[in-house]
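I have placed the structure first, in the form of structure tokens, so that the comments after it can refer back to it.
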Amino acid sequence: MAESPVSSESADPVSPRLQVPGTVDQIIKLTRYQLREYLSSRRFVALVGIVVVIAAIITFIVADLQSNAAVKALLASPDAFYGSFWGGGAGFVVVLSAVFFGGDAIAGEFQNKTGYFLMGLPIRRSAIYIGKYIAAFLASASMLLLYLVLLLLNGVHYFGASAFPWQFLPSLALALVYLMAVLGTTFLFSSLFKTSAYGFVLTAILFLIGFGLLQTLITSVVKIEPWMIISYANGAIGDVFAPTINWGLSGTVTVTKVPLGRGGGFDTVTSYTPGVAEGVVIMLAYFILTAIAGLYLFEREEFT
Amino acid sequence: MSVPSIETRHLTKRFGSFTALSSLDLKMSGAKCVGFLGPNGAGKTTTLKLLSDMIFPTEGECFINGLSVREGRKRALADVGVLIESPEIYASLTPNQALEMVADLRGVPVSERRDRIATVLEEVKMRDWADKKVGRFSKGMKQRINIAAALVHDPSVVILDEPATGLDPRGMAEVRDIVRGLKKRNRLIFMSSHILQEVTDVCDEVALIDKGKLLFYDTLQNVTSKFADGHPTIDVGLSHPLADEALLGQVAALPGVTSCVLLEPRRLRLKFSGGPDAQEKLLESLVALHLGVNSLSEPQSVLEDIYLRQIAKGD
């Protein structure tokens, strides 16, 4: 053992006046600082711009094509209007926000070396992970709310302020649960790689294309309910605006006859709609599993 | 018996088949500056990262103020200031905001925070930049903020990995002043550095590591007397490269010369026995050999000489 060769006056002991905050307190503090970082970032401004553009496109389409049969059908009732535009758009805004705020949340700490600034602090790694997750959740949720407000302004124009469907509340709650799951997955990918681009690309491809493709394959080829696919579960966000709502834990199976053309005869197409409780369970399962896996990886990740 | 401020026990780190650190046993305490020396890849940064829980040991353990870093990083790192690998600070933050975050997460009382931040910003000469965004700072300015972040809670133990990285000569001198100031305030500083002059200037003890193994750990004074061979040393500058081995042999064979090393193609290091007379004769002989001698100087640091010889032994 190489010992200090000179016994000199001891360094001051641990200063009793410094009380390191508790882990929950540190998570709250870190969330606050990280959120401030997000809100002042260029990507936040860019995302606000994208959400505004999406809402503007909806406004333009509805205003310009009011004579179109499909648009007429959407304007027939607030439920149809909100069910279509909120149900369809919220999921997209969730994925986009999660990619923007979560894609490099962990990987960026390695790639940009900002992690070295935090890792020397007396703070649990799990607290860093959770604090960053909550901050990304709040920043993404603010985008969802912005989209909601812009959509409501459209809705108020066509249906009046009093026509606010009660389904918005469960639908918003479902969208937030979906956000939890998507962000959980994004953070997992971000922990998996030390390069931000992988987290961004993998999450975007998986949620914008991959899961939808898998869902179609499982439904049409394997011909079973795609309950294991998160893009199936998030259908519940729009489905709560339907005339009949399945609140249950199992999905609804619909078999539709499709005419086969000149030769006559029919084929059948089977489609599945998730129950609301089923959707929640699937999304929560994604959140829990990805959160545990992401935390596990980050706890073991080395800042080499 | 008091608990050592920093202790490593059989600390080993392997990356695959490569052993970056091999069974390092170190114990240090007291108010002083310990210089941690070694060539690139010797295991210095690996050791410091293990001490701050950025990487995990393959074998062995490390302790700060008696607390295991792996088992309780939060408590172990509570009274330590760490600067490793010149971290980047979130670009949108100002120095005030970045230090506020560090102080807040470390539990510096709100009543003291503003003063502490102002003090450390003054120490690193960045007070005029306190409210400018870090994203626009140069590497050296960021490094000053990193040093401030390591000191904002006035820790008893300070771990610094090449703190002068990216700093201009004035910045380097200021780092030395900061380290001296910390020593006066009874702090233990464990600092890796490539700048041997810096180590000689501010460190009380030195630990030399090479290929993951500790070669020695002792006071600067002991190291100098133990490893220096007592012979006067001079560096000889040449106007043209010395490529002729026979000529080098002639230099080595000059009366009084005990060792002759070609440090660079145009720089020789000679050790010789004897006093001023011997040196005078040696210089006359060197000139007579027509080597193109254009300068004579004493080596910048005895430590450099010891360092080079110890590292060369392991090659």
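Data table
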{"read-out": "Count - residues of region B:155-179 that are surrounded by fewer than 20 Cβ atoms within 10 Å (Cβ to Cβ) and either without any contact (Cβ under 8 Å) to a residue 24 or more places away in the chain or under 22 Å from B:Cys62 (Cα atoms) (or both)", "value": "4"}
{"read-out": "Residues of region A:45-91 satisfying the condition of being among the hydroxyl-bearing types (Ser, Thr, Tyr) and out of contact with any Ser or Thr (no Cβ under 9 Å at 6 or more places or on another chain)", "value": "A:Thr59, A:Ser67, A:Ser77, A:Ser84"}
{"read-out": "Residue that is farthest from the other protein chains (Cβ to nearest Cβ) [pool: residues in region B:4-21 that are at negative phi and without any contact (Cβ under 8 Å) to a residue 24 or more places away in the chain]", "value": "B:Ser17"}
{"read-out": "Among residues of region B:181-202, those that are in a helix (DSSP H, G or I) and either without any contact (Cβ under 8 Å) to a residue 40 or more places away in the chain or within 11 Å of the chain's Cα centre (by Cα) (or both), counted", "value": "8"}
{"read-out": "Filtered residue count, region A:258-301, keeping only those that are within 14 Å of another protein chain (Cβ to nearest Cβ), charged (D, E, K, R) and surrounded by 15 or more Cβ atoms within 10 Å (Cβ to Cβ)", "value": "1"}
{"read-out": "Residue tally, condition outside any helix (DSSP H, G or I) and either acidic (Asp, Glu) or assigned by TED's automatic domain parsing to the domain that holds B:Phe36 (or both), over region B:290-315", "value": "2"}
{"read-out": "Those helices (runs of 4 or more DSSP H) lying entirely in region A:94-199 with at least 1 residues in contact with a strand residue (DSSP E or B) (Cβ under 9 Å, 6 or more places away or on another chain)", "value": "A:115-119"}
{"read-out": "Single unsatisfied condition, B:Ser68 versus (1) within 11 Å of chain A (Cβ to nearest Cβ); (2) under 25 Å from the mean Cα position of the chain (by Cα); (3) over 25 Å from B:Val179 (Cβ atoms)", "value": "(1)"}
{"read-out": "Tally of residues being touching a residue at least 40 places away in the same chain (Cβ under 8 Å) and aliphatic (A, V, I, L, M) across region A:154-171", "value": "1"}
{"read-out": "Output for region B:40-55, where each listed residue is more than 8 Å from every other protein chain (Cβ to nearest Cβ) and surrounded by 17 or more Cβ atoms within 10 Å (Cβ to Cβ)", "value": "B:Ala42, B:Gly43, B:Lys44, B:Thr45, B:Thr46, B:Thr47, B:Leu48, B:Leu50, B:Leu51"}
{"read-out": "Lone unmet requirement of (1) in a loop (DSSP other than H, G, I, E, B); (2) within 30 Å of B:Ser86 (Cα to Cα) for A:Arg262", "value": "(2)"}
{"read-out": "Odd one out for B:Glu112 among (1) more than 7 Å from every other protein chain (Cβ to nearest Cβ); (2) closer than 18 Å to B:Ser5 by Cα", "value": "(2)"}
{"read-out": "Residue match in region B:119-127 (condition: polar (S, T, N, Q) and closer than 25 Å to A:Tyr38 by Cα)", "value": "no"}
{"read-out": "Tally of residues being more than 7 Å from chain A (Cβ to nearest Cβ), over 14 Å from B:Val152 (Cα atoms) and crowded, with 23+ Cβ neighbours inside 10 Å across region B:80-90", "value": "0"}
{"read-out": "In region B:134-149, the residues that are in contact (Cβ under 8 Å) with a residue 40 or more places away in the chain and in contact with a helix residue (DSSP H, G or I) (Cβ under 9 Å, 6 or more places away or on another chain)", "value": "B:Val134, B:Lys142, B:Gln143, B:Ile145, B:Asn146, B:Ile147, B:Ala148, B:Ala149"}
{"read-out": "Close pairs from region A:118-141: first of a type in the set (Lys, Arg), partner crowded, with 23+ Cβ neighbours inside 10 Å and in a loop (DSSP other than H, G, I, E, B), Cβ under 9 Å, at least 6 apart", "value": "A:Arg125/B:Asp53; A:Lys132/A:Ala105; A:Lys132/A:Ile106"}
{"read-out": "Region A:17-48 - residue that is more than 18 Å from the chain's Cα centre (by Cα) and farther than 24 Å from A:Ala127 by Cβ and, of those, farthest from the other protein chains (Cβ to nearest Cβ)", "value": "A:Val45"}
{"read-out": "Members of region B:1-19 that are crowded, with 23+ Cβ neighbours inside 10 Å and small (Gly, Ala, Ser)", "value": "B:Ser5"}
{"read-out": "Residue that is nearest to the other protein chains (Cβ to nearest Cβ), among those in region A:98-114 that are surrounded by 23 or more Cβ atoms within 10 Å (Cβ to Cβ) and out of contact with any Leu (no Cβ under 6 Å at 6 or more places or on another chain)", "value": "A:Glu109"}
{"read-out": "Count - residues of region B:91-106 that are over 21 Å from A:Asn112 (Cα atoms) and either in contact (Cβ under 8 Å) with a residue 24 or more places away in the chain or surrounded by fewer than 17 Cβ atoms within 10 Å (Cβ to Cβ) (or both)", "value": "2"}
{"read-out": "Residue match in region B:124-132 (condition: within 11 Å of B:Pro95 (Cβ to Cβ), under 22 Å from the mean Cα position of the chain (by Cα) and at pLDDT 90 or above)", "value": "yes"}
{"read-out": "Cross-chain or 6+ apart pairs with Cβ under 8 Å, region A:251-265 first and without any contact (Cβ under 8 Å) to a residue 60 or more places away in the chain and more than 28 Å from A:Ile230 (Cβ to Cβ), then exposed (fewer than 10 other Cβ atoms within 10 Å of the Cβ) and polar (S, T, N, Q)", "value": "A:Lys257/A:Thr268"}
{"read-out": "Those strands (runs of 3 or more DSSP E) lying entirely in region B:203-289 with at least 1 residues in contact with a strand residue (DSSP E or B) (Cβ under 8 Å, 6 or more places away or on another chain), assigned by TED's automatic domain parsing to the domain that holds B:Glu162 and of a type in the set (Val, Ile, Thr)", "value": "B:205-210, B:213-219"}
{"read-out": "Selection within region A:146-195 - modelled with pLDDT under 85 and under 19 Å from the mean Cα position of the chain (by Cα)", "value": "none"}
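The values are calculated or read from the model by the stated rules, or taken from the named source; none is laboratory data. Given the structure is predicted, the values throughout are model-derived calculations rather than measurements. With ideal geometry, Cβ positions are generated from the backbone for all residues, glycine too; neighbour counts draw on all protein chains shown.
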